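Participant: Structure incoming, see below.
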Amino acid sequence: MMKQTFLFICVSISVLCSSCITNKDIVYLQDKGTVKLDALSLKELSKPYRVQVNDILSINVKALDNELTAIFNPVEGANSGSQGGGLYFSGFTVDLHGNIKFPILGEINVLGFTITEIEEKVKTELLAQYFKESAELFVTVKLAGLRYTTIGEVSTGVHTLYQDRVNIIEALANAGDISITGDRKDVLVIRQYPDGQKIHHIDLTDIAAMQSPFYYIQPNDIILVKPLKRKALGAGQTGMQNLTIIASLVSVMVSTYFLVKNL
């Protein structure tokens, strides 16, 4: 009985000690010697975002005569709430067919176009249908905030950042960061494409993540953080917690042994 108890305690101690969460599990962007920066990866990272269904665009038209452009621009009061949900009402939402409904011009297809391409497209159509070449037209198009979702071992919710470019670490920091029991080595990015959603994996503990095409998030991305396997085992997160568990386990086993022996 004593030998079996001792063996059980040794195995338990081994399992608990090996289940400690170490710095390698929680430190971001460690140099693991896997970085290979080449022309192809640089080209992939520099690719501009192409508009998808459900994106909301902010389009502003300016000309020498402001009265001529008033119909195309949102009312000042409505646009002032853009830091909240103002642009949901005053912006241009890309519908399921990839179109936006623009004053005078009607439906314009923007699906798969970059912001620069949409600016040029709107300007060309306005000059052809409404303005004269001498109007000195200036068109600005922006995404009305970068909206994304976080779920799992991170604060769950839908977030919006009013920036043109956001990397995944910034996005997670905005959501409160990954909990200590979250798996940073295999974060899932669920991304929307014209033909549906796809799941991608990224290791945020490796500096090579900065070269990943999924390091910079895109509108409507879902970031899913899985729990570490050791959390499922119920083990402590630190060495001190494991030591407490081991001490409790030893105490229970010794008490049980002497109780059984005295029967």
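The values are calculated or read from the model by the stated rules, or taken from the named source; none is laboratory data. In this text the structure is predicted, and so the values were computed from the model without any measurement. In this analysis, Cβ positions are derived from the backbone assuming ideal geometry, glycine residues included, and neighbour counts consider all displayed protein chains.
Participant: Name the pairs: first residue in region 195-207 and in contact (Cβ under 8 Å) with a residue 24 or more places away in the chain, second residue among the polar types (S, T, N, Q) and assigned to a strand (DSSP E or B), Cβ to Cβ under 9 Å, at least 6 apart or on different chains?
Facilitator: T205/Q30; D206/Q30; I207/Q30
Participant: If you don't mind, there's one more thing I want to ask. Step by step: first the residues of region 96-110, then only those that are out of contact with any Lys or Arg (no Cβ under 8 Å at 6 or more places or on another chain) and either in contact (Cβ under 8 Å) with a residue 40 or more places away in the chain or outside the structural domain of L64 (by TED's automatic domain parsing) (or both), then the one that is surrounded by the most Cβ atoms within 10 Å (Cβ to Cβ). Which residue is that? Before you say what the answer is, go through the steps one by one.
Facilitator: Here is the first cut: in region 96-110, the ones out of contact with any Lys or Arg (no Cβ under 8 Å at 6 or more places or on another chain) are 96-106, 109.
Narrowing the set further to residues that are either in contact (Cβ under 8 Å) with a residue 40 or more places away in the chain or outside the structural domain of L64 (by TED's automatic domain parsing) (or both) leaves 96, 98, 100, 102.
Numbers: L96: 8, G98: 18, I100: 23, F102: 18.
By that ranking, first place goes to I100.
Participant: Sticking with this one: Quick check on my filter: what residues within region 141-153 are at pLDDT below 95 and either farther than 30 Å from A63 by Cβ or not aliphatic (A, V, I, L, M) (or both)?
Facilitator: K142, G145, R147
Participant: Kindly provide the set of residues from region 74-112 that are modelled with pLDDT of 75 or more, outside any helix (DSSP H, G or I) and touching a helix residue (DSSP H, G or I) at 6+ places or on another chain (Cβ under 8 Å), ordered by number.
Facilitator: Within region 74-112, the first condition is being modelled with pLDDT of 75 or more, and the residues that meet it are 89-112.
Subsequent filtering for residues that are outside any helix (DSSP H, G or I) retains 91-112.
The answer is F102, P103, I104, L105, I108, V110.
Participant: Restrict the check to region 141-163 and report whether at least one residue is touching a residue at least 24 places away in the same chain (Cβ under 8 Å), within 30 Å of L64 (Cα to Cα) and charged (D, E, K, R).
Facilitator: Applying the first criterion (touching a residue at least 24 places away in the same chain (Cβ under 8 Å)) to region 141-163 yields 141-154, 162.
Adding the requirement that they be within 30 Å of L64 (Cα to Cα) leaves 141-145, 162.
Checking which are charged (D, E, K, R) leaves us with 142.
Yes, region 141-163 has at least one match.
Participant: Here's a follow-up. Examine region 141-155 for a residue that is polar (S, T, N, Q) and in a loop (DSSP other than H, G, I, E, B), and state whether such a residue exists.
Facilitator: Our first condition is that a residue be polar (S, T, N, Q); within region 141-155, this holds for 149-150, 155.
Remaining after also requiring in a loop (DSSP other than H, G, I, E, B): 155.
Checked region 141-155: at least one residue is polar (S, T, N, Q) and in a loop (DSSP other than H, G, I, E, B).
Participant: For region 127-140, how many residues meet the condition of being assigned to a loop (DSSP other than H, G, I, E, B) and under 29 Å from the mean Cα position of the chain (by Cα)? Even if it seems obvious, please write down each step before you answer.
Facilitator: Keep residues of region 127-140 that are assigned to a loop (DSSP other than H, G, I, E, B), which gives 130-132, 136-137.
Those still in the list that are under 29 Å from the mean Cα position of the chain (by Cα) too: none.
Summing the residues that are assigned to a loop (DSSP other than H, G, I, E, B) and under 29 Å from the mean Cα position of the chain (by Cα) in region 127-140 gives 0.
Participant: If you don't mind, another one. Please verify whether region 114-126 includes one or more residues that are under 23 Å from the mean Cα position of the chain (by Cα), outside the structural domain of A175 (by TED's automatic domain parsing) and surrounded by 14 or more Cβ atoms within 10 Å (Cβ to Cβ).
Facilitator: In the first step, residues of region 114-126 are kept if they are under 23 Å from the mean Cα position of the chain (by Cα); the result is 114-115.
The next check asks that each one be outside the structural domain of A175 (by TED's automatic domain parsing); those that pass are 114-115.
Retained after the next criterion (residues that are surrounded by 14 or more Cβ atoms within 10 Å (Cβ to Cβ)): 114-115.
Taking every residue of region 114-126 in turn, at least one turns out to be under 23 Å from the mean Cα position of the chain (by Cα), outside the structural domain of A175 (by TED's automatic domain parsing) and surrounded by 14 or more Cβ atoms within 10 Å (Cβ to Cβ).
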